[in-house]
Amino acid sequence: MLGAVVAVNLLDAGYAPYRGLFAVNIALVLGLWLVLPWSRGHRGRRLASPAFLVATFALGLTGSAGTHVPLTLLAIANVAFVFGMRMAAAILAGQAALMSAIPLAVGRPMADVLREVGFLVVFAAFVLGMVASVLRARQLAERVRELTVAQERGRMAAEMHDSIGHHLTVIKMGLENAERFRDRRPEAAWDEVRQAKELTAAALADARRWVRALRPLALDGHLGSAALERLADSFSGTGVAVSFDVTGTERLLGPDTELVLYRVLQEGLTNALRHAGARFVRGSLAFEKGKVVLVVADDGKGHGQGRGFGLSSLAERVEALGGTLSSGNAARGFELRAELPA
C-alpha cells in the first residue's frame with residue numbers, strides 16, 4: 001500500500017517540488033508504524049496512534065495523488081482499537097466534512113466531491129465493520145478465558161474440599177476422642193493424638209501442593225520452558241525427585257498454549273504425588289516441526305482405568321487448541337503426553 005503511494009509520487013512530475021517533504025513524510029509514517037499499539041493496554045504508546053493518523057493524512061498534501069486514503073483508513077482503524085469506535089467515527093465524520101467543504105470552496109464540481117466522499121464512506125464502513133468484529137472477538141475470547149478460570153477454580157475448590165477437608169474432619173474427630181479417653185484410657189488418647197499429628201502433616205502437605213498449583217503462569221517473570229522448569233523445581237521438597245528437560249530449538253508459543261502446557265505439567269506432577277506413590281517424576285518438553293510435545297512420566301504404581309475430572313478437563317482444553325492429550329500406564333508407572341500445534 002505504501003509502495004503504491006511512493007510509486008505514484010515518483011511517476012508524477014507535477015509533484016517534483018514536494019518530493020523532499022514527501023520523503024520526510026514517508027519516513028515518519030514508517031517510523032510510527034513500527035510502534036503503533038493495537039489495543040488499549042499500551043498506554044505508553046497511545047500517542048503514536050493519532051500521530052500516525054496525521055502523518056497519513058498529510059500524505060495527501062505532500063503529494064500522494066489520493067493514493068494515501070487506504071492508509072488513512074488504516075490509521076482510523078488503529079484509532080478505533082486504541083481509543084474506541086466513537087472516536088474513530090467522529091474522526092471519519094470530520095474527514096468527510098473537510099473533503100466536502102474544501103473542494104467545494106475552491107470550485108470543484110459537486111459530482112466529483114460526492115464521488116470521493118462516497119468512496120470514503122463505503123470503505124470506512126467496511127473498515128469499521130472489521131474493527132467491530134475483531135473487538136467483539138476479543139471480548140468473547142476474554143469471556144472464554146474468564147469462564148475457563150472460573151471452571152478451574154471450581155475444580156480446585158472441590159478437590160481441596162475432598163483432600164484437606166477430609167483430613168481436618170478426621171483430625172477433629174480424633175482430638176475429640178482423645179479428649180474423652182484422656183482420663184479412662186490415656187494410651188488410646190495418645191494414639192488419637194499421634195494419628196491427628198500424622199494427618200495434620202498430610203493436610204499441610206496437601207495445602208502446600210495447592211499453593212504451588214495456584215501460582216500464576218509467569219513465575220518471577222519467567223515464561224515458556226523457564227516457567228515449566230520453575231514449576232518442576234517447586235515440587236522438589238515433596239520427597240519425590242523431579243527432573244525437567246527441553247529438547248529442540250525453543251520458539252515463542254501463544255499464551256493459551258503456554259497456559260495449557262503449564263496445567264498439564266502441574267496435573268502430572270500433582271497426580272504423581274497424590275496417587276502414584278512415585279519416587280521419581282520426569283517432565284520433558286520437545287519442540288518438534290510444527291508442534292510442541294510435553295511428557296510427564298513417573299515410576300509409581302500407575303492409575304486406574306478412565307480419566308478423572310482433572311484429566312478430562314485438560315483434554316478438552318488441549319483439543320480446543322487443536323492438540324491431543326493421552327494418558328495411561330507405561331512399562332513403569334504412569335505417563336501423560338500432550339501434543340499442541342506450535
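The values are calculated or read from the model by the stated rules, or taken from the named source; none is laboratory data. Everything numeric here is computed off the predicted structure, so don't read it as measured data. Cβ sites come from the backbone with ideal geometry, for glycine too, and all protein chains shown count toward neighbours.
Observations on the model:
- Listed conditions (1) surrounded by 18 or more Cβ atoms within 10 Å (Cβ to Cβ); (2) modelled with pLDDT under 75; (3) on the phi < 0 side of the Ramachandran plot are all met by Leu10, apart from (1).
- Extreme residue, modelled with the highest pLDDT, among residues of region 285-302 that are surrounded by 14 or more Cβ atoms within 10 Å (Cβ to Cβ) and in a loop (DSSP other than H, G, I, E, B): Asp299
- Criterion applied to Arg143, Arg86, Arg115 was being among the charged types (D, E, K, R), closer than 27 Å to Leu30 by Cα and assigned to a helix (DSSP H, G or I), and the one residue passing it is Arg86.
- Qualifying positions in region 303-324 - at pLDDT below 85, surrounded by 18 or more Cβ atoms within 10 Å (Cβ to Cβ) and not in a helix (DSSP H, G or I): His303
- The requirement of being in a loop (DSSP other than H, G, I, E, B) and either among the β-branched types (Val, Ile, Thr) or touching a strand residue (DSSP E or B) at 6+ places or on another chain (Cβ under 8 Å) (or both) is fulfilled somewhere in region 99-108, by at least one residue.
- Evaluating Glu152 against the criteria (1) among the charged types (D, E, K, R); (2) in a helix (DSSP H, G or I); (3) exposed (fewer than 14 other Cβ atoms within 10 Å of the Cβ) leaves one unmet condition, (3).
- So Ser327, is it part of a strand (DSSP E or B) and modelled with pLDDT under 90: yes
- Residue check, Ser163 surrounded by 11 or more Cβ atoms within 10 Å (Cβ to Cβ), modelled with pLDDT under 80 and under 30 Å from Arg317 (Cα atoms): yes
- Pairing each residue of region 133-158 that is over 18 Å from Asp256 (Cα atoms) with any residue that is in a helix (DSSP H, G or I) and of a type outside the set (Phe, Trp, Tyr), provided the two are 6+ apart or on different chains, yields C-beta distances under 8 Å for Leu135/Ala80; Leu135/Met85; Arg155/Gly310; Arg155/Ser313; Met156/Ala213.
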